[in-house]
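Input: a single structure, listed below in structure tokens.
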Amino acid sequence: MSHFSTELKPEQWSDLPNGEALQQAVAKQLEDWWPRVFGYHLLKLGPLSAELSSMASPVAHHFSLSPSKGASIEGDFCHLPLQNAAIDAVVMSLLLEFEPDPYRILRETDRVLIAGGYLFIVGFNPLSPVFLGKLWPKYQDCLPWNGRFFMPSRVRDWLGLLGYQVVGDERLVYHPLMGDFNQGKFFQQSLASWLPSAGSLYLIVARKLESPLTPIRDKRKVRQTNWTTAPTAGRSGHLSEHSEN
């Protein structure tokens, strides 16, 4: 935490150690998901997301948004210049680690996503070889170790609070990113086989629920109250309850 700085952020994949290999791994992991995403607008948040190909998705319009000049739209992640419920899918790749208020970004993303829309989040997994760089002083102020690595479970909790269903939680890249990416292939393969949850990157895929669950719970409470006030109609009430379900 003490080494977290928002001043140094990756503006392209090549800013990261073994960045090209990371980009290829993320792009390959997303290939299976793109054909499932339909709609009119696919938003890529951040400069790294902008460099990921999404052409395998049948979504009509793909565009990027970030404060950087190269984006399709220049804008603030916490104040997206987009209408409510206008976007069918959002991709944010290695973004939350380098922003001061990641949960606010998720809330703003939720605002622009349609019900049933997809959210793809790629991040660094602290329970993986990549965390070694945070323990080594020479790397602590360098990308990506200067950022905050959030537990995938914490990101899932944030999504749950916002009313999302996690439909995918995958790991990729079993390498500490320090040194040559092709070194230690046997170690990487062994780690992937024996500890599949220890991938240095995670991909969480979530869908925005069509409606909140709270009204359903309220209705059940109301029905239970009616049961207790009319015990003589219990059997007929049971039949009607069964028929409704």
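Data for the structure
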{"quantity": "Considering residues of segment 13-30 that are polar (S, T, N, Q) and either in a helix (DSSP H, G or I) or under 20 Å from Met55 (Cβ atoms) (or both) only, the residue most open to solvent (accessible area, probe 1.4 Å)", "calculated": "Gln24"}
{"quantity": "Verdict on Glu97 being in a helix (DSSP H, G or I), modelled with pLDDT of 95 or more and closer than 20 Å to Asp169 by Cα", "calculated": "yes"}
{"quantity": "Where a residue in segment 175-188 is within 22 Å of Lys138 (Cβ to Cβ) and its partner, wherever it lies, is outside any helix (DSSP H, G or I) and open to solvent by 100 Å² or more (accessible area, probe 1.4 Å), with Cβ under 9 Å and at least six apart", "calculated": "His175/Gln183; Met178/Trp136"}
{"quantity": "Only listed residue being more than 23 Å from Pro17 (Cβ to Cβ) and basic (Lys, Arg), chosen from Arg148, Arg171, Arg207", "calculated": "Arg207"}
{"quantity": "Contacts under 6 angstrom Cβ, first residue in segment 84-104 being among the aromatic types (Phe, Trp, Tyr), partner in a loop (DSSP other than H, G, I, E, B) and open to solvent by less than 10 Å² (accessible area, probe 1.4 Å), 6 or more apart", "calculated": "Phe98/Gly147"}
{"quantity": "Subset tally (residues that are open to solvent by 80 Å² or more (accessible area, probe 1.4 Å) and within 17 Å of the chain's Cα centre (by Cα)) for segment 52-81", "calculated": "0"}
{"quantity": "Any pair with Cβ under 6 angstrom, 6 or more apart, that starts in segment 149-167 at a residue that is within 22 Å of Trp33 (Cα to Cα) and ends at one that is basic (Lys, Arg) and open to solvent by 70 Å² or more (accessible area, probe 1.4 Å)", "calculated": "Gln165/Arg207; Val166/Arg156; Val167/Arg207"}
{"quantity": "Residue count, segment 150-183 (criterion: in a loop (DSSP other than H, G, I, E, B), over 25 Å from Pro100 (Cβ atoms) and open to solvent by 40 Å² or more (accessible area, probe 1.4 Å))", "calculated": "4"}
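Residue-wise test of (1) out of contact with any Cys (no Cβ under 6 Å at 6 or more places or on another chain); (2) β-branched (Val, Ile, Thr); (3) open to solvent by less than 10 Å² (accessible area, probe 1.4 Å).
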| site | (1), (2), (3) |
| --- | --- |
| Gln83 | yes, no, no |
| Met92 | yes, no, yes |
| Leu106 | yes, no, yes |
| Arg111 | yes, no, no |
| Ile114 | yes, yes, no |
| Asn125 | yes, no, yes |
| Leu132 | yes, no, no |
| Arg148 | yes, no, no |
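The values are calculated or read from the model by the stated rules, or taken from the named source; none is laboratory data. Given the structure is predicted, the values throughout are model-derived calculations rather than measurements. Here Cβ is always computed from backbone atoms with ideal geometry, including for glycine, and neighbour counts include all displayed protein chains. For the accessible areas, the whole protein counts, side chains as well, though only heavy atoms, and no ligand, DNA or RNA atoms are used. Shrake-Rupley method; radii C 1.70, N 1.55, O 1.52, S 1.80 Å.
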